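Below is one structure, written out as structure tokens; the observations come after it.
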Amino acid sequence: MTSPLRVVVLVSGAGSNLQALIDAAAGDGAPFRLLAVGADRDGTLGVERAATAGIPTFVCRVPDYLTRADWDLDLERQISAVDPDLVVSAGFMKVLGPAVLGSHRVVNTHPALLPSFPGAHGVRDAMAHGVRVTGCTCHWVDAGVDTGPIIDQRCVRVEDDDTVESLHERIKVVEREMLVDVVRALAADRSWQGD
Ligand code: GRF
């Protein structure tokens, strides 16, 4: 049997996507294991969720470094310390730099149907455009903002009375399932590790 995929998760906020991964990784025979959870800010619920689950955590804040490049190098060092197969950016609101991306395969989850509405306000921007269907995307991370190869997408209809918040909450329900399915699939088929 293949050993569980070794995963590090990066978060910036509530960590509900992280929680879905924690739940899916629990128990014997799970196809992946969460080695550590990192955040780019103090006091996130995501880090609290990880600590409650007994997963080691670290915080790596851009303002604590002289340059963004120093931050990138230290983030890479902290990730590499646990030697993961895969890094999952799950609501991590920072663009990753060349040190991290040069050493690790990273997937990201985004609350819109890429390539439409990339960036930090995907839900708001899709609504402002008047789309009737939106959703979420899981993709490999490259040097651009939400530009990497798409792995999976799920659709969500926009309702007439939706607010950005209500729509985002419905997207997140679907997004959590998608993310767990993607990490399970990447654990089951490791052909991407040779890419
Ligand atoms: C998700 O919709 C993610 O795609 C976006 O921010 C949200 C994070 O939610 N970038 P959570 O922290 O996992 O609850």
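Every number here is computed from the coordinates shown, using simple stated rules; none is lab data. Remember, predicted model here, so these are calculated numbers, not experimental data. All Cβ positions, glycine included, derive from the backbone under ideal geometry; neighbour counts span all protein chains shown.
At 0.36 nm per residue, minus the direct Cα-Cα distance, what do Ala81 and Thr163 gain on full extension? Give it in nm, one decimal, please.
Between Ala81 and Thr163, full extension yields an extra 25.4 nm.
Which residue, His121, His168, His104, tops the fluctuation ranking in a GNM of the chain built on C-alpha contacts under 10 Å?
The residue with the greatest mean-square fluctuation here is His121.
Three principal axis extents, largest first, for the C-alpha atoms of region 145-195, in Å?
46, 22, 14
Using the Cβ atoms and a cut-off under 14 Å, what net charge is assigned to the surroundings of Asp64, where Lys and Arg are +1 and Asp and Glu are -1?
0
Would you tally the net charge around Ala187, using a Cβ to Cβ cut-off of less than 10 Å, leaving Ala187 out, and scoring K and R as +1, D and E as -1?
My count for the surroundings of Ala187 gives +2.
Compute the length gained on full extension between Thr147 and His121: take 0.36 nm times their separation in residues and subtract their Cα-Cα distance, giving the result in nm to one decimal.
So the extension gain works out to 7.9 nm.
Quick one: which residues, 5 or more positions from Gly148 or on another chain, have an amide H under 5 Å from its amide H? H modelled 1.01 Å from N in the peptide plane, none for Pro or chain starts.
Asp142
Report the local net charge at Ser80: Lys and Arg +1, Asp and Glu -1, summed over other residues whose C-beta lies under 15 Å from its C-beta.
Once positives and negatives cancel, what remains is -2.
Throw me the Rg/Rh for the chain, computed over C-alpha atoms with Kirkwood Rh, two decimals.
0.96
From the helices alone, meaning DSSP H stretches of at least four residues, give me the mean residue ellipticity at 222 nm for the chain, per-run term -39500 (n - 2.57), in deg cm²/dmol to the nearest 500.
Numbers: 6 runs with 70 residues, N = 195.
Taken over the chain, the calculation gives -11000 deg cm²/dmol.
Quick one: if you take sqrt(5λ) for each eigenvalue of the C-alpha gyration tensor of region 111-174, what semi-axes come out, biggest first, whole angstrom?
On the way: eigenvalues 84, 27, 16 Å².
After diagonalising the Cα gyration tensor, the semi-axes are 20, 12, 9 Å.
Mind running the shape call on region 44-85? Use the C-alpha gyration tensor, a ≥ b ≥ c as the square roots of the eigenvalues: rounded below 1.5 for a/c, prolate if a/b tops b/c, oblate otherwise. Before the final figure, lay out the partial values.
Working: a/c = 3.84, a/b = 1.52, b/c = 2.53.
Judged from the Cα gyration tensor, region 44-85 comes out oblate (a/c at least 1.5, b/c at or above a/b).
Once amide H atoms are built 1.01 Å from N in the peptide plane, which residues 5 or more positions from Ala36, or in another chain, come under 5 Å H to H?
Result for Ala36 returns Val9.
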